[in-house]
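Colleague: I'd like to ask you about the structure that follows.
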Amino acid sequence: MSHATRRHVLVNSAAVAAALASNFAQVPGVHAQAGTRLRCFWWGNPDRDKRTKAALEAYKAKFGTDISAESLGWGDYWTKLSTQTAGGNAPDLIQMDYRYLFEYARRDTLLALDSLNPKPLDLATFGDAARNSGKVDGKLYGVALGTNSKAMVYDTTMFEKVGVKSLDAAWTWDDFARIAGEISKLNPGKYWGSGDNSRWEQGFEHYLNQRGKLLYTADGKAGFTKDDVTAWFDLWDKLRKSGAVAPAEIGATNTGSIDQYEVSRGTAAMSFANSNQVVAFQSIAKNKLAISVFPNEKGSPSGHYLKPSMLMSVSSKTKSPEEAAKVIQYLINDADGVKALGIERGVPPSSTAQAQLAPELDDLGKMQVNYVAAVSKVAVALPPPPPKGAGEIEKLMLRVADTVAFGRASVKDGALQFFTEAESILARA
Amino acid sequence: MTIAAGTQATGATGRSPGRDWGRLMPFLFLAPWLVGFVVFTLGPVLASLYLSFTKFDLLRPPTWIGTDNYVRMFTADYRFVQALKVTFTYLLFEVPLKLAFALLVAVILDKAVRGSGFYRALFYVPSLLGGSVAIAVLWRQLFDGNGTVNRVLLWLFGIQGPSWISNPDTAVYTLVLLAIWQFGSPMIIFLAGLRQIPQDLYEAASMDGASKWRQFRRITLPLLAPVIFFNMVLQVIEGFKAFTPAFIISGGTGGPVDSTLFYTLYLYQEAFAYFRMGYAAALAWVLLIIIASFTSMSFLTSKYWVHYEDDGR
């Protein structure tokens with residue numbers, strides 16, 4: 001003991017400290033919290049936020065991993081995500097859209113999940129189409145959380161008032177014009193048959209799909225001609241002038257958030273949206289809502305395709321890829337996770353998840369499952385991912401369609417403007 | 001005394017550590033501000049100047065493209081022209097009307113009415129709230145198709161008004177109205193200015209039989225000119241920077257049909273909706289030049305209409 005030199009003391013205390021540290025590391029709770037704290041980020045609405053948070057809480061209760069949750073509306077979401085990604089501060093779990101998947105994956109901001117499949121992430125219960133919808137250049141970058149298709153959301157009460165009990169899947173644009181026109185007569189100048197869909201870029205895409213064309217080709221060019229745009233604007237211009245469709249002043253106030261659509265605001269009986277959104281619409285609308293395929297020309301393709309409504313991706317910068325994959329596995333395959341999310345993001349692609357959900361479904365849920373099943377029988381192929389600049393063209397469509405609706409430009413001039421500007425945006429991107 | 005002599009001695013040599021310390025001291029105390037200025041202001045400003053000559057989408061590193069951004073802006077960008085049009089229309093109405101209204105209220109409140117302190121506070125409230133998101137949302141409700149304004153019109157006159165905010169002809173004027181409503185801060189400055197005017201001038205004028213209007217035109221306005229000028233410069237700069245109301249009321253689009261596409265809103269869209277940081281940086285620099293030239297133009301023309309009391313002329 002007399003040899004307790006300064007050197008001895010130092011060595012001993014270092015050993016004690018190391019022992020203490022290793023002891024701490026062995027306590028499971030401490031390890032999990034210090035080692036793996038994940039961040040999850042999605043766009044959504046209050047209902048989705050509640051469900052997702054519940055699922056993440058349940059995951060924490062089961063596995064002890066703390067997941068901080070963040071969510072924003074669609075528009076702000078991409079702003080924040082790109083800023084965080086550029087700053088090297090991307091969340092571990094990122095809700096991805098098919099529109100942006102390729103851009104993010106090809107810039108190496110997302111993690112290829114192939115090495116984590118089938119363990120811990122098991123996609124065996126996914127159909128081929130759903131599994132491939134998350135692939136970019138042959139590698140898996142996103143896992144679909146739900147499947148949807150575009151759908152026309154309508155107010156059943158108003159339909160019954162004009163004697164329409166149910167809609168036939170083969171209904172035409174003429175049927176649409178007739179029903180909308182009759183509904184507009186119920187409360188003239190206050191309530192219309194349908195919202196103005198000429199502003200919605202995806203509505204235009206659907207119209208092109210019905211004509212056997214694409215909005216964007218696989219090499220990122222415009223898949224339509226000026227005449228297609230003219231026909232699209234003309235279709236809606238006639239409907240607007242006949243009074244079947246709400247006027248420009250109503251259309252221009254639809255900013256694209258759920259509460260701004262015509263069926264939510266009680267200004268029209270039909271709005272064009274996505275099948276999974278009926279859940280959110282119904283939470284606002286007073287009357288009972290239902291969904292239908294879009295009207296069509298007789299004998300044309302349906303134009304509907306099944307789309308991954310939302311994908312879950314993992315950041316390439318994540319410190320715990322295994323843990324992140326486990327969370328996705330929990331959300332798509334574990335009964336608790338699946339039930340917490342429900343059908344709000346669309347019909348889950350996993351067949352086991354569908355079976356787990358089936359007994360729990362309410363009317364809206366059943367309506368969605370039946371709709372997606374019905375659409376899958378007539379669906380056209382999933383189009384190639386939209387090119388860079390597609391987001392800007394989406395806004396261009398809003399602007400030019402409004403210009404036509406307000407009578408600031410003729411159908412022909414509007415179509416020419418849209419076509420030339422879209423071409424120049426694609427060339428510049 | 002000895003200490004003072006000591007410092008002087010070291011000061012003479014100029015090389016001792018004590019002297020250097022003394023020189024550094026002020027900078028040390030300035031450091032918190034200095035670091036903040038360099039890191040959070042000067043750095044980003046210089047970075048934005050560099051970015052304005054690049055193509056930068058946040059995900060990939062910026063690439064140098066020379067003056068392409070500026071060339072595009074002045075030759076091929078009709079939305080840039082539209083943004084300028086909207087901003088200037090807004091300024092043309094907003095600045096004079098707001099100043100006139102602020103002056104009017106200030107003149108009324110300047111008279112010692114009972115409870116004028118209360119009214120002064122009350123009229124200032126909109127300026128505190130005005131820039132907020134909540135007020136922009138309220139404005140949306142007021143000027144909507146079946147909003148409050150139209151209901152009042154219908155009830156009073158039986159007129160069915162248009163949807164003010166979703167009509168491209170009227171949308172920008174609802175924003176002008178919103179800005180005028182926030183007349184509080186120029187009003188306070190006018191009030192202070194009115195107090196500076198010697199009361200005996202008014203007494204003398206009324207002795208000579210000058211009417212209130214004449215007194216206002218011949219005494220108040222000329223003596224208040226420096227304050228009016230100051231307020232005008234401030235309001236023009238504020239006007240160029242207006243963003244929140246247009247963003248909320250149009251849902252970030254600048255619509256309908258780009259009728260509320262303020263310059264700042266366009267800049268924001270280019271940066272954060274289309275991820276063209278380089279182009280947005282170039283837009284920001286052009287805005288800086290526009291504001292700077294407007295301000296200097298105001299100062300250059302001011303000598304023809306602004307007279308200072310201590311001015312010899």
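The values are calculated or read from the model by the stated rules, or taken from the named source; none is laboratory data. Since the model is a prediction, treat every value here as computed from it, not as a measurement. Glycine also receives a Cβ, built like all others from the backbone with ideal geometry; neighbour counts cover every protein chain displayed.
Colleague: Could you pull out the residue among B:Leu59, B:Leu30, B:Leu34, B:Leu24 that is outside the structural domain of B:Phe262 (by TED's automatic domain parsing) and touching an Asp or Glu at 6+ places or on another chain (Cβ under 8 Å)?
Modeller: Of B:Leu59, B:Leu30, B:Leu34, B:Leu24, the one residue that is outside the structural domain of B:Phe262 (by TED's automatic domain parsing) and touching an Asp or Glu at 6+ places or on another chain (Cβ under 8 Å) is B:Leu59.
This table checks each residue for (1) buried (at least 23 other Cβ atoms within 10 Å of the Cβ); (2) part of a helix (DSSP H, G or I); (3) within 14 Å of chain B (Cβ to nearest Cβ).
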position	(1), (2), (3)
A:Arg99	no, yes, yes
A:Leu123	no, no, no
A:Arg131	no, yes, no
A:Leu145	yes, no, no
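Colleague: Do any residues in segment A:293-305 that are among the β-branched types (Val, Ile, Thr) have Cβ atoms under 6 Å from those of residues that are modelled with pLDDT under 90, where the two are at least six apart or on different chains, and which pairs are they?
Modeller: Sorted first by the residue in segment A:293-305, then by its partner, the pairs are A:Val293/A:Ala169.
Colleague: Regarding segment B:255-262, can at least one residue be identified that is closer than 20 Å to B:Ala242 by Cβ and modelled with pLDDT under 85?
Modeller: Yes: one or more hits.
Colleague: Just one of the numbered conditions (1) in the same structural domain as A:Trp42 (by TED's automatic domain parsing); (2) over 19 Å from the mean Cα position of the chain (by Cα); (3) polar (S, T, N, Q); (4) under 26 Å from A:Gly220 (Cβ atoms) is not true of A:Ser424; which one?
Modeller: Every condition holds for A:Ser424 apart from (1).
Colleague: Could I ask something else about it? Can you say whether B:Leu194 is touching an Asp or Glu at 6+ places or on another chain (Cβ under 7 Å), more than 30 Å from A:Trp74 (Cα to Cα) and in a helix (DSSP H, G or I), as far as the supplied structure shows?
Modeller: yes
Colleague: A further question on this structure: When you check B:Leu84 against the structure, is it outside any helix (DSSP H, G or I) and within 28 Å of A:Leu396 (Cβ to Cβ), yes or no?
Modeller: Against the criterion (outside any helix (DSSP H, G or I) and within 28 Å of A:Leu396 (Cβ to Cβ)), B:Leu84 does not qualify.
Colleague: Kindly provide the set of residues from segment A:239-294 that are more than 14 Å from chain B (Cβ to nearest Cβ), part of a strand (DSSP E or B), buried (at least 21 other Cβ atoms within 10 Å of the Cβ) and of a type in the set (Gly, Ala, Ser), ordered by number.
Modeller: Within segment A:239-294, A:Ser271, A:Ala273 qualify.
Colleague: Right, here's the next one. When you go through B:Ala246, B:Ala282, B:Ala271 one by one, which is the residue that is away from chain A (no Cβ under 14 Å) and in a helix (DSSP H, G or I)?
Modeller: The match here is B:Ala282.
Colleague: Report, ordered by the first and then the second residue, all pairs with beta carbons closer than 8 Å, sequence separation of six or more or different chains, a first member in segment B:95-119 that is closer than 15 Å to B:Leu194 by Cβ, and a second member that is surrounded by 12 or more Cβ atoms within 10 Å (Cβ to Cβ) and of a type in the set (Lys, Arg).
Modeller: From residues that are closer than 15 Å to B:Leu194 by Cβ, the pairs are B:Leu109/B:Arg120.
Colleague: Moving to a separate point now. In the list B:Ile197, B:Ile249, B:Ile219, B:Ile237, which residue meets the criterion of being among the hydrophobic types (A, V, I, L, M, F, W, C) and buried (at least 20 other Cβ atoms within 10 Å of the Cβ)?
Modeller: The conditions single out B:Ile249.
Colleague: Starting from segment A:391-407, take each residue that is facing chain B (nearest Cβ under 10 Å) and list its partners that are surrounded by 22 or more Cβ atoms within 10 Å (Cβ to Cβ) and of a type in the set (Gly, Ala, Ser), counting only C-beta distances under 6 angstrom and pairs at least six apart or across chains.
Modeller: That search, which allows pairs on different chains as well, returns A:Val400/A:Gly414; A:Ala401/A:Ser198; A:Asp402/A:Ala252; A:Thr403/A:Gly414; A:Val404/A:Gly414; A:Ala405/A:Ala248; A:Ala405/A:Gly251; A:Phe406/A:Ala248.
Colleague: Restricting attention to segment B:154-211, which residues are within 14 Å of chain A (Cβ to nearest Cβ), polar (S, T, N, Q) and without any contact (Cβ under 8 Å) to a residue 60 or more places away in the chain?
Modeller: Correct list: B:Gln160, B:Ser163, B:Thr170.
Colleague: I'm told A:Phe419 meets every condition in (1) out of contact with any Lys or Arg (no Cβ under 8 Å at 6 or more places or on another chain); (2) away from chain B (no Cβ under 14 Å) except one. Can you identify the failing condition by its number?
Modeller: (1)
Colleague: Let me ask another. Could you run through segment A:364-402 and say how many residues are at pLDDT 90 or above, within 30 Å of A:Lys412 (Cα to Cα), of a type in the set (A, V, I, L, M, F, W, C) and in a helix (DSSP H, G or I)?
Modeller: 6
Colleague: Here is a list: B:Thr295, B:Thr260, B:Thr301. Which entry is in a loop (DSSP other than H, G, I, E, B), under 22 Å from the mean Cα position of the chain (by Cα), more than 10 Å from chain A (Cβ to nearest Cβ) and not aromatic (Phe, Trp, Tyr)?
Modeller: Exactly one residue qualifies, and that residue is B:Thr260.
Colleague: Could you go through segment A:325-343 and let me know if any residue there is touching a Pro at 6+ places or on another chain (Cβ under 9 Å), among the charged types (D, E, K, R) and surrounded by 20 or more Cβ atoms within 10 Å (Cβ to Cβ).
Modeller: yes
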